[in-house]
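See structure below.
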Amino acid sequence: MNVYCENLKKLKDKISNENIKIVAVSKSHPVASIIELYKCGHRVFGENRALELNEKYEILKDHDMEWHMIGHLQRNKVKYIAPYVSLIHSVDSFRLLQEINKQAEKNDRIIDCLLQFHIATESTKFGFSIEECKEILKSDEFKKLQNVNICGVMGMATFTEDLEIVRKEFRTLKNIFNSLKVEFFEDNARFKEISMGMTSDWEIGIEESATILRIGTLIFGER
Ligand SMILES: *Cc1c(COP(=O)(O)O)cnc(C)c1O
């Protein structure tokens, strides 16, 4: 077994819940590394830049892979990934969501999306506030969007050694999820995902009820 597969196996052995989805974050790693991980059966990969995602997709499109967009997405890049992307984790504005809807329609698809929330203390991280998001979900403009499917929420914790801060922020995201579920998605079984947890904090993510982890370094090594 190659080293990436070993790393993934070690991680999976520590996770008792088999329903937790692991997105292997391959940004800045070559296509050859992705193929190594594909060889042991892994199918879900994530990138944080649309153009890099697109380059890799073009090379690998004959493989049955799921590609997730996990990083900040500019509206003018949506058209490149709309034909194939499986899940966009990083919807952080209504205008972006409208553009995703438009491009999905052009491709005759419904694109799965997560709403990204700003849970960290750093001002550099993208995402909605809960108030802002609720305004959007209430609006008639939102209800018109037929080609996007809102599957849940995503967040990134503050970059800190202090794991109690991380835990608090993840708990905030879980509370946001619960609140949106009750108010807007009660009868919608597809609204069920919480994408939180990376190499440094995935264990806390799971303890705080993550359903999707986004793991780069732990699988592919340092970037
Ligand atoms: C890079 C990245 C990850 C993975 O980070 P690691 O610390 O390498 O596991 C997760 N989420 C997002 C949004 C990223 O950009």
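The values are calculated or read from the model by the stated rules, or taken from the named source; none is laboratory data. The structure presented is a predicted model; accordingly, all values stated were derived computationally and were not measured. No Cβ is skipped: glycine too gets one built from the backbone with ideal geometry, and neighbour counts run over all protein chains shown. The accessibility values were calculated without ligands, DNA or RNA, using every heavy atom of the protein model including side chains. Shrake-Rupley method; radii C 1.70, N 1.55, O 1.52, S 1.80 Å.
Taking the alpha-carbon centroid of each part, what is the distance from region 123-160 to region 18-94 in angstrom?
20 Å
So who's got an amide H within less than 5 Å of the one on Thr199, skipping anything under 5 residues away but keeping other chains? H placed 1.01 Å off N, in plane.
Gly216, Thr217, Leu218
Lysines near Lys144 by alpha-carbon distance under 26 Å, same-chain residues fewer than 8 away left out - which ones?
Filter leaves Lys77, Lys79, Lys102, Lys106, Lys134, Lys181, Lys192.
Can you give me the long-range amide H partners of Val91? Hydrogens built in the peptide plane at 1.01 Å from N, cutoff under 5 Å, separation of 5 or more residues or another chain.
Leu114, Gln116
How many percent of the accessible area of the chain is carbon or sulfur, using a 1.4 Å probe?
Solvent-exposed carbon and sulfur of the chain make up 48 percent of the total.
Please report the relative contact order for region 26-181, taking Cα pairs under 8 Å with a sequence separation of at least 6, and give it as a percent rounded to a whole number.
17 percent
If packing is taken as the average count of other Cβ atoms within 10 Å, what order do 78-86, 13-21 fall into, highest mean first?
Listed from highest to lowest mean packing, they are 78-86, 13-21.
Pop out the ³J(HN,Hα) list for region 112-126 in order, Karplus 6.51 cos²θ - 1.76 cosθ + 1.60 with θ = phi - 60°, rounded to Hz; leave Gly and Pro as x.
Karplus-based 3J(HN,Hα) across region 112-126 equals 6, 9, 10, 8, 8, 10, 8, 10, 8, 7, 5, 7, 7, 7, 7 Hz.
In whole Hz and in residue order, list the ³J(HN,Hα) couplings for region 100-106 that follow from phi through the Karplus curve 6.51 cos²θ - 1.76 cosθ + 1.60, θ = phi - 60°; x for Gly and Pro.
In residue order, the calculated couplings are 4, 4, 5, 6, 5, 4, 4 Hz.
Show that you can apply the helix-only estimate: for the chain, add -39,500 (n - 2.57) for every DSSP H stretch of four or more residues, divide by all residues, and state [θ] at 222 nm to the nearest 500.
When only DSSP H runs of four or more count, the value is -12000 deg cm²/dmol.
Work out from phi, with θ = phi - 60° and the Karplus expression 6.51 cos²θ - 1.76 cosθ + 1.60, the ³J(HN,Hα) of each residue of region 184-200, listed in order in whole Hz, and give x for Gly and Pro.
With coefficients 6.51, -1.76 and 1.60, one gets 10, 10, 3, 9, 10, 5, 7, 7, 8, 9, 10, 9, 8, x, 10, 3, 7 Hz.
Please express the shape of the chain as an equivalent ellipsoid: the semi-axes are the square roots of 5 times the eigenvalues of the C-alpha gyration tensor, given largest first in whole angstrom.
Equivalent-ellipsoid dimensions as semi-axes: 26, 23, 15 Å.
With no solvent and one equal point scatterer placed on each C-alpha of region 112-223, evaluate the Debye formula and give log10 I(q)/I(0) for q = 0.14, 0.15, 0.18 Å⁻¹, two decimals.
Log10 I(q)/I(0), no solvent term: -0.58, -0.66, -0.90.
Name the long-range amide H neighbours of Lys21: under 5 Å, sequence gap of 5 or more, or other chain; modelled H, no Pro or chain starts.
Under 5 Å from the amide H of Lys21: Ile212, Leu213.
Considering only protein heavy atoms, what per residue accessible area in square angstrom results for region 33-155 with a 1.4 angstrom probe?
46 Å²
Given 0.36 nm per residue, what is the gain on full extension from Cys40 to Glu135 after removing their alpha carbon distance, in nm?
Working it through step by step, the gained length comes to 29.8 nm.
Grab the beta carbon distance between Lys14 and Glu161, set R0 = 22 Å, and tell me the FRET efficiency rounded to 0.05.
In this case the efficiency is close to 0.60.
State the antiparallel share, in %, of DSSP beta bridges confined to the chain, rounding to the nearest 5.
Just about 0 percent of them are antiparallel.
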